[in-house]
Amino acid sequence: MIEFILNGNLVSTNSDATTRLLDVLRNEFNLTGTKEGCGEGECGACSVLIDGDLVTSCITAIGSIKGKTVVTIEGFRETEQYKVLEKAFAKAGAVQCGFCTPGMILAAHALLSKKSRPTYEDIREAISGNLCRCTGYNMIVDAIMIASKEGKGLW
Amino acid sequence: MKDISISVKKKDHEIKTSGRAIYVADMKFEGMFYAKVIRSTIAKGKIKEISLPNIPDNYYIIDAKDIPGKNALKIVESEQPIFSEGNIEYMGEAIMMIVGPDKRKIEELSEKIKITYEEEEPVFTIEEAYEKLVSYHYEKGDYKKAFQNADEILEETFITGYQEQAYIEPQGVIGIYENNKITIYGSMQCPYYVKEAVMLTMGMDDKHVQVIQNVTGGGFGGKEDYPSMIGCQVAVAAKKVKRPVALILDRKEDMLVTPKRHPARLKYRVALNNKKEITAIEADIRTNAGAYLGLSGVVLQRALIAAIGVYKIENLYVSGAAMKTNTVPNGAYRGFGAPQTFFAIEMLMNHIGEKLGLNPLEFKKKYIAKKGDTTATNGKYHYHVPLDEMIDKAEKISGYSKKYKKYSKPQTGRYRRGIGMSLFLHGCGFTGSAERDYIKSIAKLVKNEDDTVEIFVSNTDMGQGLHTTFSKIVANTLGIPLEKVYINNPDTDKVPNSGPTVASRSIMIVGKLLERAAKKMKEQWKPHEPLTIIEHYKHIDLIPWDIEKFQGDAYPAYSYGLNVVEVEVDMLLATTKLLGVWGIFDVGKAIDKNIIMGQLQGGMLQGIGYASMEKMENKNGQIYQANMTDYMIPTAKDTIPFNIELIDNPYEGGPFGAKGAGELPLVGVAPAYVAAVENAINKNITEIPLTPEKLMEKL
Ligand code: FES
Ligand code: FES
């Protein structure tokens, strides 16, 4: 049995230690906001936060997160920071098909948590592991910049 | 009423951002089974023998014998089998499917299936291919005479590569069979295409097949025809096993077997008179169709119609063929044949201009079509062609001509700069009279007692924002708040057939139907009384299109675009860096500024990928770059802020003056990008993608 903190609650799973965290989240906990785009760590659609760091859950074995803290979009959407990011993404028109969006939101939060006033370069670097085929990224970059300005004191 | 272009929060913004949106892979049904397709490992031949392992209880093999109706995929014609009956035309062709409750067990079983083949000689490339799946040609004026009298004849051949749509959500469907009825859920652009295909394959009538679109994670053309294939496969399985069956492709399988942009070879001949003016053009366009016709014919039509780009040339001979090869069938990708042709014609015009010692733009200007001019197919430019204003604007914001002159002087050193410009158009909607003859769109508006209004159409929102733009058209026409108008993902049991979500047609054609329906509703509006308005497509016949002769108005209207790209080339490493990217577009009227900007930004970056880094090869019948590591699409670090401006040029045939916008931004980026690199390195380039390896060969 593997125990970890998921979106603030202590949970456990009986899955084999090699099971992908992505599958545990989606199948056992029904947290389908975490998406599978490639299954090989390239697209970032499956991004979650583990102890505050952005991690691709499709190449993370559940065994490796024993005792750690996992936050998915379902947990993060309850926060004040999410509200700021959600608004900024709307204002900048940063969401099209939405498949990359939960991962992008978490990537933005991971960045702002480390650097609350990032440069444009910082933002591009921070989301460079998250592919988006729809937007061409610039509107997402703008959205994160807006969030960093509006979210004073939150990060 | 406020200007409709002012951006609003998208209708689906919150569900998507919060992770609540349900995509097909997020759905679960009681007792659902999973499916895996067993595919051919050879490119051409016959199946000799299939040996199956012991299939445990609760696991099933589904193959051609299980198909109750016709074993043929309905696209334009019905030729491709749903499951092979012994013949193999490409590597990855579906032979059978294993269905059962546990994915790992399915995997295990699939590895134990042994198939032996009798191999035949396959063909893979346009050069090797000998069979034309379809071919067309047309002419204008007296091209023969023009070539006979030519002072000089120039020839150039252009090569363009595959492009993979690379939507981030892989394709997937779920099929359910209950009470003698099939229901298909899935990620798709065209629910009625899936429905008609499933009806044929299942031998079921209209009443017994239902298709429901899930939130769709990008399409770009890639989810136009293939969902019909997997929809049929799960339908057959669901009927046999009497349980919901899910087929969700993983990335690799998606990249190996779904249709892509056609690789093409475009041969041009140009006749110049003694004043060095173009008097005639001859073009021959060959595309690699893959193993089955699919959409290759209609893609080829668009490629041929665009043969002379935005220019007016009096004498033409244009021919083309979709060549059969033993490779994965190609299909629709944003631009639908036009990006290939625009790459060729724009590079050709640049090369001729430069050969004559001119700034390519100055050379092109003499040939730009104007309102009233005839098109390549003897149709007419019925409306204002705003390219002159667009050029002026581009000069102002990008400094194109000044920079072109500066960079054209001999450059030395490791880093060299260049700038390129392209001019292009995109015909809005289906080619010719397809809207009138085949599609016959119907849209429905329903007003409820509480005075909310629901939109019923079969067009899908795959990220391009249709739920929001359709709702805005209806709300603004009715003069009611946007919150009072709503729309759901289409369910063919509920929505009329307003046609597929393709060809930049949704806003212009279906949006117009909704605008007309809303006007009628407004006239008949009585508070708190239900009201339904149904609106049918009305054809505006200008110069009738004749598909046999390829003559007449191929499109009712055109959207226009201009791109400028400025680059810096590292002569040592053969890498390029973007310095500036500009886009000027005429989409009539933007229904929502943010949404249009999103389309333009995203489309242009796909164009840059097409031009520079998205390399996909077919080696011995197999797609070689079959994952996101090998097939690289641009990341946030590969791009820079784009400078985009819109020209207001409302079109009377579109709602609020809107024309098509979805495909346009991808059509002309490649020639602008490549022209910029040429300008920097002072060499001609005729092939895309221009990867660093390719560029190295040039340096
Ligand atoms: S699904 Fe995990 S990185 Fe793509
Ligand atoms: S919005 Fe579609 S992939 Fe990013």
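The values are calculated or read from the model by the stated rules, or taken from the named source; none is laboratory data. Just so it is clear, the model here is predicted, and its values are computed rather than measured. Cβ coordinates were reconstructed from backbone atoms using ideal geometry, including for glycine residues, and neighbour counts include every protein chain displayed.
What the table below lists for this structure:
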quantity	calculated
Hits in segment A:78-102 (condition: within 15 Å of ligand 2 (Cβ to nearest atom) and outside any helix (DSSP H, G or I))	A:G93, A:A94, A:V95, A:Q96, A:C97, A:G98, A:F99, A:C100
Residues satisfying the stated conditions in segment B:278-294, i.e. among the aliphatic types (A, V, I, L, M), crowded, with 24+ Cβ neighbours inside 10 Å and outside any strand (DSSP E or B)	B:A291
Evaluation of A:W155 against (1) without any contact (Cβ under 8 Å) to a residue 24 or more places away in the chain; (2) over 26 Å from B:K593 (Cβ atoms); (3) touching a helix residue (DSSP H, G or I) at 6+ places or on another chain (Cβ under 9 Å); (4) away from ligand 1 (no atom under 16 Å from the Cβ) (one fails), failing number	(1)
Residues that are more than 6 Å from ligand 1 (Cβ to nearest atom) and surrounded by 21 or more Cβ atoms within 10 Å (Cβ to Cβ), drawn from segment A:32-48	A:T32, A:G33, A:T34, A:K35, A:S47, A:V48
Scan of segment A:54-74 for residues that are in a strand (DSSP E or B) and in contact with a Lys or Arg (Cβ under 8 Å, 6 or more places away or on another chain), ordered by number	A:A61
Residue list for segment B:295-337, restricted to those being over 15 Å from the mean Cα position of the chain (by Cα) and part of a helix (DSSP H, G or I)	B:L304, B:I305
In segment B:433-465, the residues that are in contact with a Gly (Cβ under 9 Å, 6 or more places away or on another chain) and within 14 Å of chain A (Cβ to nearest Cβ)	B:T460, B:M462, B:G463, B:Q464, B:G465
For A:E40: the one exception among (1) more than 16 Å from ligand 2 (Cβ to nearest atom); (2) in contact (Cβ under 8 Å) with a residue 24 or more places away in the chain	(2)
Enumeration of residues in segment A:130-155 that are aromatic (F, W, Y) and within 13 Å of another protein chain (Cβ to nearest Cβ)	A:Y137
Considering residues of segment A:75-113 that are among the hydroxyl-bearing types (S, T, Y) and at the interface with chain B (Cβ under 9 Å from one of its Cβ atoms) only, the residue nearest to B:T468 (Cα to Cα)	A:T101
Any hit, segment B:390-412, residues being of a type in the set (K, R) and at pLDDT below 95	no
Residue, farthest from the other protein chains (Cβ to nearest Cβ), within segment A:55-74, restricted to residues that are away from ligand 2 (no atom under 16 Å from the Cβ) and within 9 Å of the chain's Cα centre (by Cα)	A:V55
Scan of segment B:219-253 for residues that are surrounded by fewer than 24 Cβ atoms within 10 Å (Cβ to Cβ) and under 25 Å from B:G662 (Cα atoms), ordered by number	B:R251
Failed condition for A:I140, given (1) assigned to a strand (DSSP E or B); (2) of a type in the set (V, I, T); (3) within 15 Å of ligand 2 (Cβ to nearest atom)	(1)
Scope segment B:149-168; condition more than 14 Å from chain A (Cβ to nearest Cβ) and over 18 Å from B:A283 (Cβ atoms); matching residues	B:N149, B:D151, B:G161, B:Y162
Neighbours by Cβ (under 9 Å, 6+ apart or cross-chain): first from segment B:476-489, within 26 Å of B:T216 (Cα to Cα) and modelled with pLDDT of 95 or more; second part of a strand (DSSP E or B) and charged (D, E, K, R)	B:V485/B:E454; B:Y486/B:E454; B:I487/B:E454; B:N488/B:E454
All positions within segment B:511-548 that are within 20 Å of B:G662 (Cβ to Cβ) and not in a helix (DSSP H, G or I)	B:Y537
Residues (in contact with a helix residue (DSSP H, G or I) (Cβ under 7 Å, 6 or more places away or on another chain) and facing chain A (nearest Cβ under 9 Å)) located in segment B:15-48	B:K16, B:T17, B:S18, B:G19, B:A21
Segment A:107-146 - residue that is among the basic types (K, R) and more than 16 Å from ligand 1 (Cβ to nearest atom) and, of those, surrounded by the most Cβ atoms within 10 Å (Cβ to Cβ)	A:R124
Single residue of segment B:466-510 satisfying the filter (within 14 Å of chain A (Cβ to nearest Cβ) and part of a loop (DSSP other than H, G, I, E, B)) that is farthest from the chain's Cα centre (by Cα)	B:N489
Failed condition for B:L256, given (1) crowded, with 24+ Cβ neighbours inside 10 Å; (2) within 16 Å of B:A332 (Cα to Cα)	(1)
Count - residues of segment B:135-193 that are within 16 Å of ligand 1 (Cβ to nearest atom) and aliphatic (A, V, I, L, M)	2
Number of the condition not met by B:F585 [criteria: (1) part of a helix (DSSP H, G or I); (2) hydrophobic (A, V, I, L, M, F, W, C); (3) away from chain A (no Cβ under 13 Å)]	(1)
Pairs with Cβ under 9 Å, 6+ apart, first in segment B:195-212 and free of Cβ contacts under 8 Å to residues at least 12 places away in the same chain, second buried (at least 16 other Cβ atoms within 10 Å of the Cβ) and assigned to a helix (DSSP H, G or I)	B:D205/B:M199; B:D206/B:K195; B:D206/B:M199
All positions within segment A:114-129 that are in contact with a helix residue (DSSP H, G or I) (Cβ under 8 Å, 6 or more places away or on another chain), in a helix (DSSP H, G or I) and either within 8 Å of chain B (Cβ to nearest Cβ) or away from ligand 2 (no atom under 16 Å from the Cβ) (or both)	A:Y120, A:D122, A:I123, A:R124, A:E125
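For every residue, the table says whether it meets (1) within 21 Å of A:G129 (Cα to Cα); (2) surrounded by fewer than 21 Cβ atoms within 10 Å (Cβ to Cβ).
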position: A:G67; (1), (2): no, yes
position: A:E78; (1), (2): no, yes
position: A:V84; (1), (2): no, no
position: A:K91; (1), (2): no, yes
position: A:V95; (1), (2): yes, no
position: A:I105; (1), (2): yes, no
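Results for (1) aromatic (F, W, Y); (2) assigned by TED's automatic domain parsing to the domain that holds B:T469; (3) not in a strand (DSSP E or B), shown as yes or no for each residue.
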{"position": "B:K371", "(1), (2), (3)": "no, no, yes"}
{"position": "B:H382", "(1), (2), (3)": "no, no, yes"}
{"position": "B:E389", "(1), (2), (3)": "no, no, yes"}
{"position": "B:I397", "(1), (2), (3)": "no, no, yes"}
{"position": "B:G413", "(1), (2), (3)": "no, no, yes"}
{"position": "B:G418", "(1), (2), (3)": "no, no, no"}
{"position": "B:M421", "(1), (2), (3)": "no, no, no"}
{"position": "B:E454", "(1), (2), (3)": "no, yes, no"}
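Yes/no matrix, rows are residues, columns are (1) closer than 30 Å to B:D437 by Cα; (2) in contact with a strand residue (DSSP E or B) (Cβ under 9 Å, 6 or more places away or on another chain):
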site: B:V37; (1), (2): no, yes
site: B:G45; (1), (2): no, yes
site: B:Y60; (1), (2): no, yes
site: B:K65; (1), (2): no, no
site: B:K70; (1), (2): yes, yes
site: B:V76; (1), (2): yes, no
site: B:P81; (1), (2): yes, yes
site: B:G86; (1), (2): no, yes
site: B:E89; (1), (2): no, yes
